[in-house]
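The values are calculated or read from the model by the stated rules, or taken from the named source; none is laboratory data. Computed from a prediction, not measured in an experiment: that's the story for all the values here. Cβ atoms come from the backbone with ideal geometry, glycine included; neighbour counts cover every protein chain shown.
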Amino acid sequence: MGQKVNPVGFRVGIMEGSKSRWYASKKEFSELLVEDFKLRKFIKSKYRFAGIPKIEIERTRDEVKVTLFTARPGVIIGRKGQEVERLQEELQGLIGRRINIKIEEVQRPELQAQLVAEDIADQLAKRASFRRTMKRAMEQTMEAGAKGIKIQLAGRLGGSEMARCEKQNAGSIPLSTLRAKIDYGFTEAKTAQGHIGVQVWVNQGMYFEEEAGHGADAQEGQAPKKPKRTYKR
């Protein structure tokens with residue numbers, strides 16, 4: 001049995017920030033943690049087709065700030081913002097605290113591992129060929145500018161009697177390199193034969209690619225202390 005590390009959790013606190021940003025005492029911590037779980041589960045289940053790869057929660061003394069990253073912001077906003085107001089009221093009733101919702105659009109959903117995994121799961125639920133689905137997803141992600149992608153499916157693939165695991169990859173996926181921006185997504189495809197686990201790793205490049213690209217500092221092997229402003233005119 002191998003030791004698998006979540007690429008996102010591996011980089012939290014070093015290269016990535018946490019998706020839940022708040023502080024609480026030992027007595028309140030478990031209660032607030034359950035609240036975060038309820039908020040994320042409710043939003044993901046209600047807007048399953050809105051393409052939400054990430055939900056960030058930030059707490060202050062007065063309110064809870066919820067930031068939704070979505071590929072289809074119009075689905076959540078609704079006509080004249082009515083859908084957002086309704087969602088805000090539902091979330092406030094769910095946890096009993098004041099909610100402030102902010103929506104940010106995802107520019108390239110093909111590079112978001114969670115969205116790629118959910119798209120593959122939807123295709124498998126519609127009885128599409130798993131090999132063709134994996135190949136198409138890899139091609140779209142690489143064309144969008146990814147440095148690499150790995151897809152792994154596990155379960156009764158193709159309706160076979162015995163469960164098995166199949167994987168395909170393209171490009172490079174340096175999982176142990178902390179500078180590499182590796183996005184990870186997981187979901188389950190609910191088919192008639194049973195659930196199929198879908199795991200996706202996407203290499204979005206390096207965190208400090210822009211700074212490392214400057215000639216003098218790159219040659220000396222030293223990271224610049226302040227970013228150069230050559231791009232501003």
### Query
Out of all the residues in the range 42-76, which are over 14 Å from the mean Cα position of the chain (by Cα), of a type in the set (D, E, K, R), surrounded by 14 or more Cβ atoms within 10 Å (Cβ to Cβ) and under 14 Å from ILE101 (Cα atoms)?
GLU58, ARG59, LYS65
### Task
Please enumerate the residues belonging to the range 135-158 that are crowded, with 20+ Cβ neighbours inside 10 Å and touching a Leu at 6+ places or on another chain (Cβ under 7 Å).
THR141, ALA146
### Task
Answer yes or no as to whether LEU87 is touching a strand residue (DSSP E or B) at 6+ places or on another chain (Cβ under 8 Å), farther than 30 Å from GLU143 by Cα, part of a helix (DSSP H, G or I) and not assigned by TED's automatic domain parsing to the domain that holds GLY205.
yes
### Query
within 30 Å of PHE208 (Cα to Cα) and charged (D, E, K, R): does that describe ARG11?
yes
### Task
Please enumerate the residues belonging to the range 126-152 that are under 21 Å from the mean Cα position of the chain (by Cα) and assigned to a helix (DSSP H, G or I).
THR133, MET134, LYS135, ARG136, ALA137, MET138, GLU139, GLN140, THR141, MET142, GLU143
## Note on the structure
In the range 13-71, anything in contact with a helix residue (DSSP H, G or I) (Cβ under 9 Å, 6 or more places away or on another chain), of a type in the set (Lys, Arg) and within 23 Å of GLN112 (Cβ to Cβ) is listed as LYS19, LYS46, ARG48, LYS54
### Message
Being of a type in the set (S, T, N, Q) and closer than 30 Å to TRP201 by Cβ: is that true of THR60 here?
### Response
no
### Task
Scan the range 52-72 and give yes if some residue there is assigned to a strand (DSSP E or B) and of a type in the set (Asp, Glu), otherwise no.
yes
### Summary
Residue hits (the range 1-33; of a type in the set (Val, Ile, Thr) and either in a strand (DSSP E or B) or at pLDDT 95 or above (or both)) are VAL12
#### Entry: Filtered residues of the range 153-191 (kept if among the small types (Gly, Ala, Ser), closer than 20 Å to MET206 by Cα and in a loop (DSSP other than H, G, I, E, B))
SER172, SER176
